[in-house]
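Below: the structure, in structure tokens.
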Amino acid sequence: MDKLAYGFWGWYFGTTALMLAGAGIAFTRSLHRISLNAALSASASAFFVVAFLGGLPIVDEGTLLRFLAHVAIGVSSVMAYLLFAIVGALNRRRARRGTQLALALLGAVGVILGWQLAPLQALALGVGIAGWMGLAALVVALRSVRRGDRLAWRAVFGVIFMLVAILGLGWIALARGQVPWQLHAVSALSGTAYLVVMASALWVRYSYLIELRQIMAHGPSYDPVTRMRTHTETGHMLGDVFKRQHDQPTVLGVLVASIGNLYALEKLHGKGAVNHALFVCAGRLRRAVPRDVELGRFGEDGFVLLMRDCRDSGRLIRLAHRVAARLGKSVVLNTSPDETRRESEQTRWRAEIGVGVVMIAGLRGTVASTLATGRAMSRTALSYSSRVAWHDQSSGEAVELPVPESA
């Protein structure tokens with residue numbers, strides 16, 4: 001292959017590696033369905049590419065061509081089945097079993113007929129069957145477009161990219177060493193586009209599992225705007241923690257982050273803009289905190305962060321500065337619920353953030369007093385340049401915590 005061809009295929013395999021890594025992350029978060037489908041799509045297409053580019057250790061030319069025919073039929077069956085699943089064509093048990101049987105019969109017929117032909121003809125037949133499966137998937141996707149499925153257009157483009165990649169690789173295998181680098185480029189880019197479309201479609205189709213898991217965990221105490229515990233549930237969480245303090249006293253680190261300008265935002269742009277602002281701030285907050293820090297809403301304009309067994313005050317202070325910096329970045333808010341007017345109904349907004357830091361040692365304090373102190377510290381921090389205030393237990397006063405020079 002030409003050096004440019006190697007570059008394009010390297011791009012494809014890099015995308016495959018990213019998709020497999022994303023599948024692994026989804027698996028660790030118990031999103032097994034997303035993980036399985038993403039990994040299957042990436043690994044099947046990657047094996048197809050490796051086989052058709054001559055990466056298999058098969059010396060005999062006839063054996064290789066026949067094996068490639070089997071690969072074309074098998075992999076295209078898997079990819080077509082995944083596309084059927086994405087557009088919802090397999091939701092019914094009868095349709096799912098019928099599709100599985102049809103794909104299995106078509107694959108078996110293709111393999112049997114291939115062994116009656118010469119190796120090169122068997123490969124051509126396998127590529128043809130793969131193309132036919134792609135066309136069948138395209139028809140199903142177009143029918144979903146007519147029904148108004150939100151993922152149908154992604155499936156349509158995914159099938160088109162898949163067909164281009166399959167036909168291009170088939171050409172490369174049939175005329176090995178006699179194709180220009182442009183054909184490699186088109187095939188590699190189509191394969192990459194197919195993976196990107198499949199990854200986005202899988203995520204949209206199954207992302208509700210993340211929401212469902214949160215709802216099942218918290219029930220009516222789950223806030224759909226911020227995807228956190230509600231104010232009431234946060235109080236229950238802290239109550240349980242303070243009860244355990246009697247059995248095993250530890251040091252608790254509590255951060256209260258307050259947004260000082262939500263009221264003004266609501267008066268200017270309405271409740272929808274406030275919900276958007278809370279949604280963005282909550283997302284930034286979840287990305288900013290470590291896994292061992294628990295989160296929850298506090299009132300209409302604040303969040304609570306709880307760090308159990310907080311023996312390192314420096315770590316708590318650094319987290320407070322990180323939260324203040326992340327939440328204080330500007331964001332473009334939609335001020336109209338009509339998405340078609342997004343360009344004309346946008347405003348740039350920056351949250352006025354104050355973070356209060358409270359450390360509770362042993363049995364000192366209650367839930368109500370801790371939250372009240374944290375809220376007071378966060379309100380006071382709104383007037384500080386660092387936006388972080390520490391509750392000094394010896395004096396009972398608020399102390400500003402400047403941003404460390406190392407930060």
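Assorted remarks:
- Put a dot 7 Å past the Cα of VAL145, heading toward its Cβ, do the same for SER395, and the two dots end up 6.9 nm apart.
- Remark on GLU400: its backbone amide H falls under 5 Å from those of TRP390, a criterion applied only to residues 5 or more positions apart or on other chains, H modelled at 1.01 Å from N.
- Cβ-Cβ distance of THR250 and THR366, R₀ of 25 Å, FRET efficiency by 1/(1 + (r/R0)^6): the value works out to about 0.95.
- ARG93 versus VAL225: modelled label distance in nm, points set 7 Å from Cα along the beta carbon direction: 4.3
- Loop-located trypsin sites (Lys or Arg not before Pro) in segment 75-151 whose Cβ has at most 13 other Cβ within 10 Å (DSSP): ARG92, ARG150
- Whole-Å semi-axes of the chain's equivalent ellipsoid (Cα gyration tensor): 56, 22, 21
- Full-stretch length increase - TRP171, PHE157 - with 0.36 nm per residue and alpha-carbon distance subtracted: 2.9 nm
- With all protein chains in place and a 1.4 Å probe, the accessible surface of segment 9-68 carries 71 percent carbon and sulfur.
- Extended-chain gain in nm, criterion 0.36 nm per residue less alpha-carbon gap, LEU183 and SER200: 3.5 nm
- Spin-label model distance (nm) - ARG308 vs ARG291, 7 Å beyond Cα toward Cβ: 1.5
- Kyte-Doolittle at least 0.0, axis length at least 20 Å by Cα - qualifying DSSP helices, the chain: 3-28, 32-52, 61-86, 93-115, 119-147, 152-174, 181-206, 271-288, 313-327, 367-381
- Over segment 1-144, accessible surface divided per residue gives 51 Å², non-protein components excluded, 1.4 Å probe.
The values are calculated or read from the model by the stated rules, or taken from the named source; none is laboratory data. What you see is a predicted model; the values in this text were computed from it and never measured. All Cβ positions, glycine included, derive from the backbone under ideal geometry; neighbour counts span all protein chains shown. For the accessible areas, the whole protein counts, side chains as well, though only heavy atoms, and no ligand, DNA or RNA atoms are used. Shrake-Rupley method; radii C 1.70, N 1.55, O 1.52, S 1.80 Å.
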